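S.K.: Handing you this structure, nothing more for now.
The values are calculated or read from the model by the stated rules, or taken from the named source; none is laboratory data. Please read these numbers as outputs of a predicted model, since none were measured by experiment. Quick reminder, even Gly has a Cβ in these numbers, built from the backbone with ideal geometry, and neighbours come from all protein chains shown.
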Amino acid sequence: MQAAYSQDVDGLIGLAKAYFEAAYTMDAEKFATIFDPSASVTRRDDQGGAVVTPIAKWLDLVRGMPSPRDAGSMRRDEILSIAITGDLAVLTLRLRLPPREVTDLLSCFHLNGRWQIVQKVFAAEVLS
């Protein structure tokens, strides 16, 4: 059991690293490889409600975003926590995407032999 758990953690750390790299370069194709095609992205709107965006639409938005790498920003990525229950996991990540710092909760399933993101819920704070 310990070896399986270790592989799960290693796989999730690898997923987080791929996510951080995709975010730093704003690479929609790289994001597409780690999200399940049925995934969605949820955030709060300015009125305090929730906005849910299908992953395909979110990837289109990413294609139009400037990358922190191209802006010369320093990377600041953190894995805050990893919680695993069977084939379900939640990653809590924090990363800097100037002018914001973003906290992501990524719900993941182990599908087809690998971890994939099925839901991204995030909040962003403007850096001071």
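S.K.: I'm told Ser40 meets every condition in (1) closer than 15 Å to Leu12 by Cβ; (2) of a type in the set (Gly, Ala, Ser); (3) in contact with a Pro (Cβ under 6 Å, 6 or more places away or on another chain) except one. Can you identify the failing condition by its number?
M.R.: If we test Ser40 against (1) closer than 15 Å to Leu12 by Cβ; (2) of a type in the set (Gly, Ala, Ser); (3) in contact with a Pro (Cβ under 6 Å, 6 or more places away or on another chain), just (1) comes out false.
S.K.: How many residues are under 26 Å from Asp8 (Cβ atoms), of a type in the set (S, T, N, Q) and at pLDDT below 95 if we restrict to the stretch 110-128?
M.R.: Within the stretch 110-128, residues that are under 26 Å from Asp8 (Cβ atoms), of a type in the set (S, T, N, Q) and at pLDDT below 95 number 1.
S.K.: In the stretch 84-109, how many residues are surrounded by fewer than 16 Cβ atoms within 10 Å (Cβ to Cβ), modelled with pLDDT under 95 and either over 20 Å from Ser40 (Cβ atoms) or out of contact with any strand residue (DSSP E or B) (no Cβ under 7 Å at 6 or more places or on another chain) (or both)?
M.R.: 5
S.K.: Another question about this same structure. Residues of the stretch 55-112 being among the aromatic types (Phe, Trp, Tyr) and either under 17 Å from Ala28 (Cα atoms) or in contact with a His (Cβ under 7 Å, 6 or more places away or on another chain) (or both), which ones?
M.R.: Trp58, the sole residue that qualifies.
S.K.: Let me ask something else about it. Take the conditions out of contact with any Leu (no Cβ under 9 Å at 6 or more places or on another chain), part of a loop (DSSP other than H, G, I, E, B), surrounded by fewer than 16 Cβ atoms within 10 Å (Cβ to Cβ) and touching a residue at least 12 places away in the same chain (Cβ under 8 Å) and apply them to Arg69. Does it pass?
M.R.: Yes, satisfied.
S.K.: Here is a check on your reading of the model: is Asp46 assigned to a loop (DSSP other than H, G, I, E, B) and more than 14 Å from Val118 (Cβ to Cβ)?
M.R.: Considered against the rule, which asks whether it is assigned to a loop (DSSP other than H, G, I, E, B) and more than 14 Å from Val118 (Cβ to Cβ), Asp46 comes out as yes.
S.K.: Out of curiosity, is Glu29 under 28 Å from Gln7 (Cβ atoms), exposed (fewer than 13 other Cβ atoms within 10 Å of the Cβ) and without any contact (Cβ under 8 Å) to a residue 60 or more places away in the chain?
M.R.: Spelling it out, Glu29 is indeed under 28 Å from Gln7 (Cβ atoms), exposed (fewer than 13 other Cβ atoms within 10 Å of the Cβ) and without any contact (Cβ under 8 Å) to a residue 60 or more places away in the chain.
S.K.: Looking at the stretch 33-49 only, could you name the residues that are crowded, with 16+ Cβ neighbours inside 10 Å and of a type in the set (Gly, Ala, Ser)?
M.R.: Once the filter is applied, which keeps residues that are crowded, with 16+ Cβ neighbours inside 10 Å and of a type in the set (Gly, Ala, Ser), the stretch 33-49 yields Ala39, Ser40.
Conditions (1) within 16 Å of the chain's Cα centre (by Cα); (2) acidic (Asp, Glu); (3) under 27 Å from Ser128 (Cβ atoms), marked per residue:
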{"site": "Asp8", "(1), (2), (3)": "no, yes, no"}
{"site": "Asp27", "(1), (2), (3)": "yes, yes, no"}
{"site": "Glu78", "(1), (2), (3)": "yes, yes, yes"}
{"site": "Val90", "(1), (2), (3)": "yes, no, no"}
{"site": "Leu106", "(1), (2), (3)": "yes, no, yes"}
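S.K.: While we're here: Checking Asp36 against (1) in contact (Cβ under 8 Å) with a residue 40 or more places away in the chain; (2) closer than 20 Å to Ala123 by Cβ; (3) not in a loop (DSSP other than H, G, I, E, B): exactly one of these is not met. Which one?
M.R.: (2)
S.K.: For the stretch 50-61, indicate whether the set of residues that are loosely packed, with under 12 Cβ neighbours inside 10 Å and assigned to a loop (DSSP other than H, G, I, E, B) is non-empty.
M.R.: no
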